[in-house]
Structure formats: C-alpha cells, structure tokens
Amino acid sequence: MDFRSDTVTKPTERMRQAMLEALVGDDVYGDDPTVNRLEAMMAEMMGKAAGLFVPSGHFSNQCAIMTHTRRGDEIIVLEDCHIVLHECGAPGLLSGVNTRLARSDLGEYDVEEVKRLIRGDDIHEPRTALICLENAHGNGRAIPLVAMKEIWELAKEYDIPVHLDGARIFNAATALECNVRDIARYADSVSICLSKGLSAPIGSVLVGSADFIARARRNRKIMGGGMRQVGVIAAAGIVALEDMVDRLDDDHILANYLGIQLDDIGGIQVAWDRLDINMVFFTLEQDIDLAAKLEDADILINGAEFGEYRIVINKDVNKEDVDRLIIAIREILGAA
Ligand SMILES: *Cc1c(COP(=O)(O)O)cnc(C)c1O
C-alpha cells in the first residue's frame with residue numbers, strides 16, 4: 001500500500017495496450033502522430049493554441065521559464081511553490097533568472113504585495129519577466145478562481161506573462177467544480193502532469209500560444225528533451241486524458257473520508273483548510289516517526305516535512321486500504 005504520492009500510480013491495462021499499438025515517428029522532426037495528437041488534445045482541453053510533450057512537470061515548468069524570460073530577468077513566485085521548493089534551484093541554473101519570493105497565504109498571493117514586487121524601469125533593477133501561479137497548490141488546496149483572476153489582471157496591467165504550474169489542474173477543476181479552461185484562462189502558459197493522479201507512466205504537456213510553443217520547442221531541445229519515437233509514451237498520456245480525469249473525484253472523496261477517520265483517532269490535527277484534493281496533511285501530538293512505524297506494517301507514506309505528514313490518495317489504493325491504514329495508525333499511536 002503506497003500512499004507516498006499520486007506519482008506512484010501504475011499505468012492501466014488500456015494504457016499498456018495503447019503503448020503497444022502506438023503509431024510512432026521521430027518527434028524531433030515533428031513526425032510522431034501520437035505525440036502530435038496528445039499535444040493537440042491537451043491544448044484543446046486547456047483552451048490554448050498549441051502543446052509540447054515533455055518528460056516531466058519539472059522540465060515543463062523550467063522550459064516555460066526559459067521561454068518567457070531572458071538571462072538576468074526576475075520571476076515572481078510564491079515562497080512555497082513547487083518551482084521554489086522542489087526544482088533544485090533550476091531557474092537560476094538553467095535560465096539565469098532570479099526568483100523573487102512572495103509570501104504565501106495558503107497558496108495565494110497578496111495582490112498588494114505582488115504589486116510592490118514588480119520592478120520599475122530603474123537601471124539598477126532586473127526586469128520582472130514572469131509571474132508564476134500554481135493550482136492545485138502542492139499544499140493540498142484548490143486555489144479559488146478569483147485569486148487567480150486578480151493576479152492575472154495585475155500581470156496584464158504591467159504586460160507581464162503568467163505561467164501556471166497546473167501539475168494537478170484536473171484535481172483543481174474537480175475540486176472547484178469548473179472546467180480546466182476556466183483555470184487555464186488566467187495564464188499564458190500551463191504545465192500539466194500526466195503522471196500523477198492521471199496515472200500515465202511518464203510525461204507532462206506544456207501549453208500556450210503557437211508562437212510560445214514554437215520557442216519552447218527549441219528550448220526543450222536545448223534542455224536535452226528532444227525525444228524520438230516517444231509516441232510509445234504519449235499513447236499512455238492520451239488514455240490518461242480519456243479515462244482518468246472523471247475518476248479523480250473518487251480520490252478526493254476517499255481523501256475526505258481519510259481526513260474524517262484521522263480526526264476521529266485523537267492526537268492528530270488534520271489541516272482541513274487545505275483538504276481540497278487527494279492529499280491529506282496532518283500533524284501528530286506524539287513525537288514519533290510514523291512513516292518508519294507504518295513501513296513495518298508494509299504501508300508507505302513520506303516522512304514528516306517540517307513536522308507535517310502527507311498522505312496521498314491515488315487510483316492504486318481503495319477504501320479497504322484506507323481502513324487498514326487507519327487501523328495501523330490507531331495501533332501505532334496507542335502503543336507509542
Ligand atoms: C509534481 C509536481 C511538479 C513536477 O512534476 P514532476 O513530473 O515530478 O517533475 C511540478 N509542480 C507541482 C505543483 C507538482 O505537484
């Protein structure tokens with residue numbers, strides 16, 4: 001039983017079949033019909049003109065940053081976004097840009113602060129070249145559309161492009177009960193993961209305008225991401241979009257059930273203000289290593305980060321697994 005992440009999900013039988021039968025070509029020549037179909041499909045779903053298949057969400061975000069900026073520019077990011085926390089300082093390394101951190105209020109910007117962070121014309125200052133959003137946020141929240149709209153309108157007022165890290169945008173749309181387009185409209189470019197809750201083995205798609213994607217295609221090559229007969233992987237991505245979007249709600253419902261069960265144990269504080277999607281965050285009153293103890297019971301969760309645990313529901317765990325997890329946690333807390 002693996003609750004560490006939704007990235008651990010295995011491809012479905014239909015994905016494996018699609019991979020086996022995929023029509024392929026050399027994608028660096030633009031000749032892979034399966035990749036072309038996936039890119040067009042994702043672009044259409046997001047309401048953008050074009051898409052680019054890339055190896056990972058990390059790659060996608062960095063390719064977007066490289067495409068939106070020039071060396072020496074500055075990008076505005078939330079202090080707790082994936083780009084800052086989990087991408088190895090790549091904006092500085094790969095694109096030569098500085099990150100200007102904004103305070104995060106549960107994954108939302110303070111618009112007045114962002115206004116102050118946008119640079120002026122002074123020659124001492126770097127150019128503000130990009131503002132990044134994240135939805136769903138890695139903290140478990142689906143960010144309300146109004147919050148995105150405010151940042152989008154501010155950015156447009158200053159003629160600054162907006163990139164959305166939409167690794168879990170389908171989870172966000174499910175939680176917000178809207179179409180993904182309603183979220184994507186507040187960004188010039190969007191990065192979407194196929195390999196998380198959607199359960200494809202590999203891959204993300206970056207979408208945006210035709211001109212942006214043409215330039216991103218060159219940057220993907222610079223980053224070493226020009227892949228050849230990659231339709232074998234893209235085929236699983238197409239199935240992910242066809243089969244796996246509508247079931248995300250099941251993950252969210254099960255996560256909510258898990259939250260209620262954890263609440264019931266006592267000595268556990270569930271972060272209900274961030275329980276919008278498939279991730280349950282909580283802290284323990286007892287000072288024990290819950291992850292290590294659960295591993296003895298063959299249950300995997302990540303270790304605590306800053307004292308907080310995260311359990312991620314995904315398509316490869318079901319309600320019986322969650323019930324077993326609850327029993328195991330009860331025993332561990334009772335015994336400690
Ligand atoms: C997982 C994730 C990414 C990166 O995706 P990888 O495919 O693991 O590189 C980017 N942003 C967010 C918010 C994520 O959750």
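The values are calculated or read from the model by the stated rules, or taken from the named source; none is laboratory data. Treat the numbers as computed from the prediction; the structure is a model and nothing was measured. Every residue, glycine as well, gets a Cβ built from its backbone with ideal geometry; the counts of neighbours run over all protein chains shown.
When Val97, Val111 are checked against the criterion of being free of Cβ contacts under 8 Å to residues at least 60 places away in the same chain, under 20 Å from Arg185 (Cα atoms), more than 15 Å from the ligand (Cβ to nearest atom) and assigned by TED's automatic domain parsing to the domain that holds Val207, a single residue qualifies: Val111.
Any residue that is farther than 26 Å from Phe281 by Cβ and touching a residue at least 24 places away in the same chain (Cβ under 8 Å) - is there at least one of those in segment 136-147? No: segment 136-147 contains no residue that is farther than 26 Å from Phe281 by Cβ and touching a residue at least 24 places away in the same chain (Cβ under 8 Å). The helices (runs of 4 or more DSSP H) falling completely within segment 111-223 that include 3 or more residues that are in contact with a Leu (Cβ under 8 Å, 6 or more places away or on another chain) and not polar (S, T, N, Q) map to 111-117, 145-157, 180-184, 210-222. Restricted to segment 30-43, and to residues that are farther than 19 Å from Ser195 by Cα and free of Cβ contacts under 8 Å to residues at least 40 places away in the same chain, which residue is nearest to the ligand (Cβ to nearest atom)? Across segment 30-43, the extreme among qualifying residues is Gly30.
Residue count for segment 43-68, restricted to those that are polar (S, T, N, Q) and surrounded by fewer than 23 Cβ atoms within 10 Å (Cβ to Cβ): 1. In segment 49-58, the count of residues that are in a helix (DSSP H, G or I), touching a residue at least 60 places away in the same chain (Cβ under 8 Å) and either within 16 Å of the ligand (Cβ to nearest atom) or out of contact with any helix residue (DSSP H, G or I) (no Cβ under 7 Å at 6 or more places or on another chain) (or both) is one or more.
Results for (1) in contact with a strand residue (DSSP E or B) (Cβ under 8 Å, 6 or more places away or on another chain); (2) within 21 Å of Glu308 (Cβ to Cβ), shown as yes or no for each residue.
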position	(1), (2)
His68	yes, no
Cys88	no, no
Leu94	no, no
Asn139	yes, yes
Trp152	yes, no
